[in-house]
């Protein structure tokens, strides 16, 4: 194993036991190449393309899709005759059964900065005499959610869409293997033992994650420093009907109030970062989704699950707001470990995924 | 200003406005060079060295002095005829008046590790469904000390030596400029407004500092990751009569108890790190210290303060335990910013410090 937890070189594609390992193999170089291979193959076999297709490739999706909305606005007339949008940047719910995705969470990221002295200080010379910023920051970060991950920011729960009976019935149909999930990621206990509750927490409930701290000592070993300026990074995955504007307001108010009770002389600054996005819910009753269903049935012989996803792809909502029906058609499986060590794409998912893409093209022509 | 907060290249010595800027200028290349310059100068001037001197140079003092004690043990017979030990690895209490130092705090460093999933996870895909290690770690770190820095570990306060009237009277003589200190380091408020109380907190009270977290995102910008294994680094500066063994026991017991109340399914591991050290208190009534006093009087024309220091130099105690009288004779001033950005040594401190060293050599011969 390499020092960073990878078993192979991240930027070299390695095929092993039916899996393609490498950074971006499943998120999202595999699916992108898949689409291009399908077109090349159809051309090679002399099959007439039965629909017109336009591609939008972007390289900043993991960095807030900077400039993408502006670009789409600029090329609006070029895209004006597009009816359906298909995005392949998500995963199956499990490892066996394909799915089609009609919903995504949005994102509200924040920085929480505490500053005190002009510069880092020696913990021997100053420890005990100043109010240390890391002490304040750890405490403040601990006031954002409780031990079960429930968000403590006042008002957040009231923003979340109520669960209707119709929506509840959608969850009843989905078979979700909690034990398999726990084994895959290596945790003994999830925040609920009920698979439906876990799906709801992922799909229709907000969640708060603390990603890390900038400015403190982060290396191996010990450095007896008092860091002078520390910046906590956290984000909230948001769901209907939350808006980043309302979430920003609630978080700033909560942190400001909690900070007051701390009575620290240090400076605190809570700031919404750029790159926030709304949640997206697509119209899955549209015939476009049926083209996806038929394509999957043709290749895999099963009816796909209709799923939502916990991640965020802001451009889905942008396209929908441009009047297009948007569908997410995934290639990879749930254990592909996007964004993590040993990211992979199964060869079978890659090959069958391309077949699904081809079948989808043919089905779209029939709408 | 460079990105890391330095105004000049740290590893290039830059003289500016009477100050020598560079990493190690005051801690501890300046004083080391100073001693060598004194010997070279005395030889150049044909002055007979009136005492025998043996030097111990080490390069691991900032990394727990690994191997130093073993080395001194090995060369015990070589050092057996040494009567006095002088270490120049500390600072004046302020910026104007020299001092001699007779006490140091010790150090008990710890790692606090929380692990859950096998690997880092995507906060969109897993946020809300697992118990996040960073959430647990921030909370645990916030349970070590309160907003004023008071250590919450049970039993620590009882280990601290009681303040005697004799000791209290020593503080009465020391003139310590709190306002100057606040301006130098850029904080508006210290943990006390009483200069004597601040000195006691630095010299004779334990303090706890959180240095940082290994394993979480520490870069600029945002990474929407759930870190799987996060390691908090903190340390306690210890004072008489605390021992690292007792402190380790108390910290492990406290963290274990607090962790239980959290009821998290994640794995917690609290571990004392290597490199702990006892506090040191020297015999400042010994004639050896008078040699230092006379040397300082000769060069600066003032009686030096007798101070203790908040930092740790474990070898001071090692030498004392070998039966030698140990004294700390500093060269630099309080605003030299050892371990921090823009570390400097005043040219005047460098030059006068060397004169003090030379005078000290001559005074030692008279003992």
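The values are calculated or read from the model by the stated rules, or taken from the named source; none is laboratory data. The shown structure was predicted, so the numbers you read here are calculated from the model rather than taken from an experiment. Positions of Cβ are generated from backbone atoms using ideal geometry, with glycine treated the same way; all protein chains shown enter the neighbour counts.
Within the stretch B:67-79, is even one residue surrounded by 11 or more Cβ atoms within 10 Å (Cβ to Cβ), more than 22 Å from residue B:364 (Cβ to Cβ) and within 14 Å of chain A (Cβ to nearest Cβ)? Looking for residues that are surrounded by 11 or more Cβ atoms within 10 Å (Cβ to Cβ), more than 22 Å from residue B:364 (Cβ to Cβ) and within 14 Å of chain A (Cβ to nearest Cβ), one finds none in the stretch B:67-79, hence no. Within the option set A:233, A:223, A:173, being at pLDDT below 95 and facing chain B (nearest Cβ under 8 Å) holds for one residue only, A:223.
Evaluate the following for residue B:188: is it under 20 Å from residue B:339 (Cβ atoms), surrounded by fewer than 22 Cβ atoms within 10 Å (Cβ to Cβ) and either within 11 Å of chain A (Cβ to nearest Cβ) or in contact with a strand residue (DSSP E or B) (Cβ under 9 Å, 6 or more places away or on another chain) (or both)? So residue B:188 fails the test.
For the stretch A:153-170, a tally of residues being out of contact with any helix residue (DSSP H, G or I) (no Cβ under 7 Å at 6 or more places or on another chain) and within 14 Å of chain B (Cβ to nearest Cβ) returns 2.
Out of the residues in the stretch B:249-271 that are out of contact with any strand residue (DSSP E or B) (no Cβ under 9 Å at 6 or more places or on another chain) and part of a loop (DSSP other than H, G, I, E, B), state the one that is nearest to residue B:151 (Cα to Cα). Among those that are out of contact with any strand residue (DSSP E or B) (no Cβ under 9 Å at 6 or more places or on another chain) and part of a loop (DSSP other than H, G, I, E, B), it is B:263. Counting only residues that are at positive phi and touching a strand residue (DSSP E or B) at 6+ places or on another chain (Cβ under 7 Å), the stretch B:22-77 holds 1 of them. Taken as a whole, the condition of being more than 8 Å from chain A (Cβ to nearest Cβ) and either over 29 Å from residue B:87 (Cβ atoms) or in a strand (DSSP E or B) (or both) does not apply to residue B:245.
Summed over the stretch B:121-150, residues that are in contact with a strand residue (DSSP E or B) (Cβ under 8 Å, 6 or more places away or on another chain), within 7 Å of chain A (Cβ to nearest Cβ) and closer than 21 Å to residue A:137 by Cβ total 9.
Considering the stretch A:272-286, the residues that are exposed (fewer than 14 other Cβ atoms within 10 Å of the Cβ) and in contact (Cβ under 8 Å) with a residue 12 or more places away in the chain include one that is farthest from residue A:97 (Cα to Cα), namely A:274.
Let's see how each residue does on (1) surrounded by fewer than 23 Cβ atoms within 10 Å (Cβ to Cβ); (2) under 22 Å from the mean Cα position of the chain (by Cα):
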position	(1), (2)
A:91	no, yes
A:95	yes, yes
A:109	no, yes
A:132	no, no
A:137	no, no
A:174	yes, yes
A:178	yes, yes
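The condition of being touching a strand residue (DSSP E or B) at 6+ places or on another chain (Cβ under 9 Å) and within 30 Å of residue B:235 (Cα to Cα) holds for residue A:225.
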